[in-house]
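Peer 1: Before I ask anything, here is the structure I am working with.
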Amino acid sequence: MEAQKVVSKEEDFFEDLRRGFSMLAKFLFSKTMKHISATVICLIQLFASQPARAGGPTDPQELEAFVDSLLSELVQEYHMPGAVFALVKDGELFFAKGYGFADLENRKPVIADTTLFRVASVSKLFTATAVMQLHEKGLLNLDDDVNKYLTLFKIDDSFPEPVTVANLLTHTGDFDERMIGKETPDESKVVPLGLYLSKHMPPRYAPPWDQYCYSNHGMALAGYLVEVVSGIPFARYVDENIFHPLGMNRSSFLRDPLLAPDIAVGYTFRDGSYQRLPYHYLYDAPAGELNMTATDMARFMIAHLQKGRFGEIRILKEATAAEMHKRQFGHHPRLPGTGYGFFEISENNQRMIGHVGGLYGHGSLMFLLPEHNVGLFLAYNSSGETGKPDVIPIFGSRFLDHYYPTGEDAAPNGPMRNSDSARFAGNYLANRYSRHTLQKIEAFFAQFRVEQTGDGTLTIHFPLNFKEPSKWVQIEPLVFQRVDGDGFVAFSEDRSGRITHMFIDAIPIQYTTKLRWYQENAFHFAIAGSSILVFLSACIAWPLRALVSRVRGRPDAGTRGNRIARLLAGFASALHVAFVLGFILIMPKAMGELYHGVPPVLIALLCVPILAAILTAGAMVFAIPAWKHGYWSVAGRLHYTLVLIGAVVFIFFLNHWNLLGFRF
């Protein structure tokens, strides 16, 4: 695999890294060193197999060998065309290197100080830094109602407590999720940030500080406050007050024409091959639009590790930086919380702060270890392969295990006495989903499953295999620890002792609600499935009965009323079946297109249940006359009634999932 790197002066410059069979790394040097001896190659490989270096990296060459080996493995398994890694330590760039290709088709290599990566939600750290700059200047108060600064639109007053600036930076404004129409492949369609938010800011679903709920729109609103208070566009403010002072000349929230040729192309891996993805512009730019090089990110990491200072330049006062890094909110003392912009991350008994990012075709990770004065950055240009765990937690864990391993006493000794793990078992729904748009259907895929095992422990399954299933043992009331000692899960209960919520040590924080039986997927699938069976029975039985009667020369001589009743109920049933079939065929593709807006084919499909509901209402008019005047046999009347009940139940089902009407 081709590679380019930037390293400290004292280390040798290794150039080409190629992945070999059985995921063993072989290192090839430049043309002048093609005939290097096998002995030296073995020494290089030895670096990659050295035991864990407790206390952090101390040798850039050893770090390079470790990262080369790890990324060689991950690139092959998770299908990443290119990646870049940077590490800073003690106020300096310790190591940075590019791997693979920024552009596969043109064989353009990743170069650490040249190639720009889309860092996605890591952008939020720069937005939070900009807000804190204005705060320390007295231009923005973190405890102020955000509506104090807004004139183009206002945040709704659904709850007595207002949303403050601090709520935006800690994701505790508790805004509903909205992903429809948040990006476009056409730069000419990008609208000003304030105009976008005035039309698409999602409603609030809980009072502020009630729970952590990650919100792109909340952080985008924080970026808009920077515009309003400073009087200049957000991207320009960040450029003048963060990028320029730090010498970050290859970073931008805009797709700068001078930098665009060096932006890594995003890819997805499907059907055994890489598929090139177009560049998409985000309307909520402060939440995820940043493009930058790894060496530029290194400067930002150093500034935060040095408490706002980079060399002689200061972008934040020391007290302001400390406030950003300090824990501002959390659900349980055992679990990580959040600072202003920064996540708390806890692993291997290390407190880290940072962020992760993900866009279609891109992923990133940045975290700082303040106690060790170390910062790490990883970015890559692939969405990987569906169904596999995310690369980010795997890379982070392997790095920490190597350089900051836990002691042998980290694992819990065994289950707490009188542990009643059965009451924790069930399905839990993460709170980040859309409650007011048709994307509510994605809540089907946002559920955690907690299983009781025979030895008193719990097994937690993450949605969409984001992480491998993990085993947990209870160590104190309502608190469980992973059996390998790494991480905690806490629960809450109501006054009756029923478990109500689960808080998971994850990135970002996961606040989940335990579902009752009628809220679980199985119940809703049962409703939908039984309704469809009833509709199919009407679609098949009634026309078949009419056909048989005609063949036998005894056409149905029923009244006009009973014929209309069955026509209405039959067409309603057929429309419901057609909607389900259309939904299955259209939605997998349409759900992805929703990020750009609602496709016309989906709008047309949503007309079907509306028409079915109207026909169902008409059929209901004949329900009483059917029994009163003896339409059909008793079995026929029962079947008709069952069809109507199924239709009404299915209409409520569609309404629950925001599929009745045009809820965009």
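Peer 1: Which residues, counting only those in the range 229-248, are closer than 29 Å to Ile111 by Cβ, in a loop (DSSP other than H, G, I, E, B) and out of contact with any Ser or Thr (no Cβ under 9 Å at 6 or more places or on another chain)?
Peer 2: Gly247
Peer 1: Right, next: Hey, can you tell me all the residues within the range 572-594 that are surrounded by fewer than 18 Cβ atoms within 10 Å (Cβ to Cβ) and not in a helix (DSSP H, G or I)?
Peer 2: none
Peer 1: Here's something else I'd like to know. Can you say whether Arg545 is at pLDDT below 85 and either surrounded by 10 or more Cβ atoms within 10 Å (Cβ to Cβ) or not charged (D, E, K, R) (or both), as far as the supplied structure shows?
Peer 2: Yes.
Peer 1: Sticking with this one: Hey, could you check the range 596-635 for residues that are more than 30 Å from the chain's Cα centre (by Cα) and outside any helix (DSSP H, G or I) and say which is nearest to Gly661 (Cα to Cα)?
Peer 2: Among residues in the range 596-635 that are more than 30 Å from the chain's Cα centre (by Cα) and outside any helix (DSSP H, G or I), the one nearest to Gly661 (Cα to Cα) is Phe622.
Peer 1: For the range 273-284, check the following and say yes or no: at least one residue is hydrophobic (A, V, I, L, M, F, W, C) and over 30 Å from Tyr212 (Cα atoms).
Peer 2: Checked the range 273-284: at least one residue is hydrophobic (A, V, I, L, M, F, W, C) and over 30 Å from Tyr212 (Cα atoms).
Peer 1: Restricting the search to the range 169-228, which residues are in a helix (DSSP H, G or I), among the hydrophobic types (A, V, I, L, M, F, W, C) and touching a residue at least 60 places away in the same chain (Cβ under 8 Å)?
Peer 2: Correct list: Leu169, Leu193, Leu197, Met219, Ala220, Leu221, Ala222, Leu225, Val226, Val228.
Peer 1: Starting from residues that are acidic (Asp, Glu) and either assigned to a loop (DSSP other than H, G, I, E, B) or in contact with a strand residue (DSSP E or B) (Cβ under 7 Å, 6 or more places away or on another chain) (or both), keep the ones in the range 387-421 and report whichever is modelled with the lowest pLDDT.
Peer 2: Across the range 387-421, the extreme among qualifying residues is Asp390.
Peer 1: For a quick check of your reading of the model, give me the residue pairs whose first member lies in the range 304-317 and is at positive phi and buried (at least 16 other Cβ atoms within 10 Å of the Cβ), whose second is assigned to a strand (DSSP E or B) and of a type in the set (D, E, K, R), with beta-carbon atoms closer than 6 Å and at least 6 apart or on different chains.
Peer 2: As it stands, the answer is Gly308/Arg314, since those pairs meet every condition given.
Peer 1: Just one of the numbered conditions (1) assigned to a strand (DSSP E or B); (2) under 30 Å from Phe367 (Cβ atoms) is not true of Thr500; which one?
Peer 2: That leaves (2) as the condition not met.
Peer 1: If Phe269 meets every condition in (1) part of a strand (DSSP E or B); (2) at pLDDT 95 or above apart from one, which number is that one?
Peer 2: If we test Phe269 against (1) part of a strand (DSSP E or B); (2) at pLDDT 95 or above, just (2) comes out false.
Peer 1: What about Pro192, is it touching a Pro at 6+ places or on another chain (Cβ under 6 Å), under 26 Å from Arg250 (Cα atoms) and surrounded by fewer than 16 Cβ atoms within 10 Å (Cβ to Cβ)?
Peer 2: Considered against the rule, which asks whether it is touching a Pro at 6+ places or on another chain (Cβ under 6 Å), under 26 Å from Arg250 (Cα atoms) and surrounded by fewer than 16 Cβ atoms within 10 Å (Cβ to Cβ), Pro192 comes out as no.
Peer 1: Right, something else. Out of curiosity, is Pro286 under 15 Å from Arg118 (Cα atoms) and either assigned to a loop (DSSP other than H, G, I, E, B) or without any contact (Cβ under 8 Å) to a residue 24 or more places away in the chain (or both)?
Peer 2: Answer is no for this residue.
Peer 1: Hey, among Leu87, Leu63, Leu70, Leu116, which residue is surrounded by 14 or more Cβ atoms within 10 Å (Cβ to Cβ), at pLDDT 95 or above and over 30 Å from Tyr360 (Cβ atoms)?
Peer 2: Leu63
Peer 1: Which of the residues spanning the range 424-455 are surrounded by fewer than 17 Cβ atoms within 10 Å (Cβ to Cβ), assigned to a loop (DSSP other than H, G, I, E, B) and in contact (Cβ under 8 Å) with a residue 40 or more places away in the chain?
Peer 2: Correct list: Arg435, His436, Asp455.
The values are calculated or read from the model by the stated rules, or taken from the named source; none is laboratory data. Worth saying up front: this structure is predicted, and the values here are computed from it rather than measured. Note: ideal-geometry Cβ built from the backbone for every residue, glycine included; neighbour counts use all protein chains shown.
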